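The values are calculated or read from the model by the stated rules, or taken from the named source; none is laboratory data. Since we're looking at a predicted model, the values are computed, not measured. As a convention, Cβ positions derive from the backbone with ideal geometry for all residues, glycine included, and neighbour counts pool all protein chains shown. In case anyone asks, the SASA skips ligands and DNA or RNA and just uses the protein heavy atoms, side chains included. Shrake-Rupley method; radii C 1.70, N 1.55, O 1.52, S 1.80 Å.
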Amino acid sequence: VVPSSHETHLLFSGDECPWNSPRNLVHPPDSNRQMAAQIVELFEALLLSRSPEDLFDKSGRENLNREVQAFVETGSPVQFLFAGFPFKSPSPQKTTGIAADMAEHLAFVKLAQFSQAVKELYEPGVVFHIFSDGRVYSDLLLVPEENVQIYRESSINMSKELCPSIQWHSLDDLLPKHNEKSVRQVFLDEHGREEEIVLKEIQSMPNRAHVFQQYQVNVRTDLAENPLISETSWTDDQIQQKALQMMIRHDALNSLLAEAFQTPVRLSIHKTDNNQRFSIRLLSNLKGESLNPWHATVIKKDEETWICDTVSNLQLHFPDYRP
């Protein structure tokens, strides 16, 4: 059940930064542990996305319990943080528009279901801090800033009724203003790493090499048949350079968020080992795999069934349906 706007509300406002505030013990330790464990059970059942390298059962659950308990001990909302909702993929093989649509709607409903389930158990509830700013990557994928703004505003407006426990953040909120530099350049100057350092990591660390390869796949598919650009093909060198810049900016974003938010539980819309950072599943595709709404479109198969996947996969499996 999606909570109505009068049942939940934004829990913080103003200039203070409550996600970094000190805590004071207000409940008995035993009940704190039990409450935290119940909240973690809800998280595991409703949001957690497992991975082949999963460590949640071995150590991640205990780590998450400890983080959640720190909030419960003060009777404060359990706070989560993740980056997402940047802009719709520019590839017509994945999406059909530039604004938030039913894919985002279903994702917000899922977050709201978890939020409401926790609130019924633990009255202070949860807060989702979502960093949403497509300017981090938009120039690399040739997405106009106007499209980024349209997507962000439509996502925020949609979430207000569906999941009021979301608080939105952007580069403008977290970085100092500069008269002569764009906010993207300030971001990279303060948190970006040198290309040479990242390249050495790719060459010497298998996990970084894997990430680099995945970015190349993502860049190539996001640029495929992009109606906004005239190029129909990209060289391997061009794709690799864009993928390298994506990695550098991803690292820079992690640095910025770690600096700005010390307290919230860190979530990820990407695969992790679920040990210190926890992967969430906002949507599932036809194979049951985790899918992000900005890479997806949705068809309504019948009155109760919505099916999510990329446009190309939906057209392949359901040629008679239209997004």
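At full extension, H178 and D237 could sit 17.9 nm farther apart than now, given 0.36 nm per residue minus the alpha carbon distance. Only the Cβ atoms of Lys and Arg (+1) and of Asp and Glu (-1) were treated as charged; on that basis the dipole of the chain about its Cα centre amounts to roughly 380 debye.
Would you mind checking region 147-191 for residues with the amide N under 12 Å from a putative spin-label position 7 Å along Cα→C-beta of S255? Those under the cut-off are 186-191. Placing a pseudo-label 7 Å from each Cα along the Cα-to-Cβ vector at R66 and S31 gives an inter-label distance of 2.5 nm. Can you give me the relative contact order of region 102-243 as a percent, contacts being Cα pairs under 8 Å and 6 or more apart? Relative contact order, region 102-243: 22 percent.
Ligands, DNA and RNA are left out, and with a 1.4 angstrom probe the accessible area of the chain is 50 Å² per residue. Between region 179-196 and region 93-131, what is the C-alpha centre distance in whole Å? Answer, in whole Å: 31.
In the chain, the longest principal axis of the Cα atoms and the axis of helix 206-223 are about 60 degrees apart.
From the alpha carbon centroid of region 158-176 to that of region 283-309 is 24 Å.
Comparing H129, H210, H250 in a Gaussian network model of the chain where C-alpha atoms under 10 Å apart are linked, the largest mean-square fluctuation is found at H210. Counting 0.36 nm for each residue step from I197 to S312 and taking away their Cα separation leaves a gain of 37.7 nm. With a threshold of 30 Å on the Cα-Cα distance, the over-threshold entries among K242/K271; K110/K301; K58/K110; K160/K242; K119/K177 are K160/K242; K119/K177. Once the Cα atoms are used to define both axes, helix 29-46 deviates from the longest principal axis of the chain by about 30 degrees.
Taking max minus min of the alpha-carbon positions on each principal axis, the chain gives extents of 63, 51, 42 Å, largest first. Structure remark: mean-square fluctuation, Gaussian network model of the chain, C-alpha springs under 10 Å; the largest value among S182, S279, S115 belongs to S182. For the chain, take the longest principal axis of its alpha carbons; what is the angle in degrees between that and the long axis of helix 61-72, to the nearest 10 within 0 to 90? Here the helix axis deviates by roughly 60 degrees.
The overall shape of region 201-311, judged from the alpha-carbon gyration tensor, is oblate: a/c is not under 1.5, and a/b is no greater than b/c.
Of all the options I197, I156, I269, the one that moves most in a Gaussian network model of the chain with Cα springs shorter than 10 angstrom is I197.
Counting only other residues whose beta carbon sits under 15 Å from that of K301, what net charge do I get with K and R as +1, D and E as -1?
Spelling it out: positives minus negatives among the neighbours equals -3.
Here T74 and V186 are evaluated by their C-beta separation; at R0 = 51 Å the FRET efficiency comes out at 0.90. Look at the Cα gyration tensor of region 21-124: its axes a ≥ b ≥ c give a/c of at least 1.5 with a/b over b/c, and that counts as prolate. Between the beta carbons of S59 and N207, assuming R0 = 22 Å, the FRET efficiency works out to 0.75 to the nearest 0.05.
Bridgeable aspartates and glutamates around K300 (alpha carbons under 14 Å apart, same-chain partners fewer than 8 residues away excluded): D101, D309, D320.
Go through 167-180, 294-307, 77-90, 136-149 and give me the packing order, highest mean Cβ count within 10 Å leading.
So the peptides 167-180, 294-307, 77-90, 136-149, ranked by packing, come out 77-90, 136-149, 294-307, 167-180.
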